[in-house]
1. Quick test of your reading of the structure: Ser46 fulfils all but one of (1) at pLDDT 90 or above; (2) under 13 Å from the mean Cα position of the chain (by Cα). Name the failing condition by number.
2. Sort out which residues of the stretch 141-181 are part of a loop (DSSP other than H, G, I, E, B), under 18 Å from Ile67 (Cα atoms) and at pLDDT 90 or above, and write them in order of number.
3. Any residue in the stretch 7-19 that is over 21 Å from Ala125 (Cα atoms) and among the small types (Gly, Ala, Ser)?
4. Within the stretch 25-41, can one find any residue that is open to solvent by less than 70 Å² (accessible area, probe 1.4 Å), under 20 Å from Asp146 (Cβ atoms), at pLDDT 90 or above and of a type in the set (A, V, I, L, M, F, W, C)?
5. Taking only the stretch 117-140 into account, find how many residues are touching a helix residue (DSSP H, G or I) at 6+ places or on another chain (Cβ under 9 Å), part of a helix (DSSP H, G or I) and closer than 19 Å to Thr26 by Cβ.
Amino acid sequence: MDAGQSIDEFLVAIEKRAFRMAEIATGSREDALDLVQDAMLGLVKSYGDRESADWPPLFYRILQSRIRDWYRRNRVRNRFRVWLGGLHGHDDDERSDAIQNLPDRQPGIERQLAGEDAMAHLQAALQDLPLRQQQAFLLRAWEGMDVSATAFAMGCSEGSVKTHYSRAIHRLREQLEDHWP
């Protein structure tokens, strides 16, 4: 990260990855947009004057906190929906397909379809992970954060990060062994 990077440049650089992370966690584009926007505003308001090197773990801690809050609110809402006659939430059709903007480097339709199928299975496997495993995997593997920064972002110990990450890797390997060697 550039030492002289502005907060605007930082937010532009992470917005797409943060959105995908929130979308995987929530399964909803609208909720993901709200969560990322709220996390960005929280970072600017509370930590905009900090050093740019401090922003990534702070931002992801705020985002993960917002995602956990979203899960809690939805749990309560879903209870009331059941009690009040099964009101429906978001349509499954609103969920996006596999990771968008894949480079089109695969020659032949068969390889392209196989790649799309594998990405769809990856998306589903990520969404099926428990929240803490999902967070640990996305922050470590996708964002490239080290164990201590991930622990700070998740608000837990380094040992917990290692445990959640290891379990996520093993579970993803089991679920995706037919799609990736």
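1. (2)
2. Within the stretch 141-181, Gly155, Cys156 qualify.
3. Within the stretch 7-19 (the criterion being over 21 Å from Ala125 (Cα atoms) and among the small types (Gly, Ala, Ser)), the answer is yes, since at least one residue qualifies.
4. Within the stretch 25-41, not a single residue is open to solvent by less than 70 Å² (accessible area, probe 1.4 Å), under 20 Å from Asp146 (Cβ atoms), at pLDDT 90 or above and of a type in the set (A, V, I, L, M, F, W, C).
5. Matching residues across the stretch 117-140 total 16.
The values are calculated or read from the model by the stated rules, or taken from the named source; none is laboratory data. Please read these numbers as outputs of a predicted model, since none were measured by experiment. No Cβ is skipped: glycine too gets one built from the backbone with ideal geometry, and neighbour counts run over all protein chains shown. Surface areas here come from the heavy atoms of the whole protein model, side chains and all, with no ligands, DNA or RNA. Shrake-Rupley method; radii C 1.70, N 1.55, O 1.52, S 1.80 Å.
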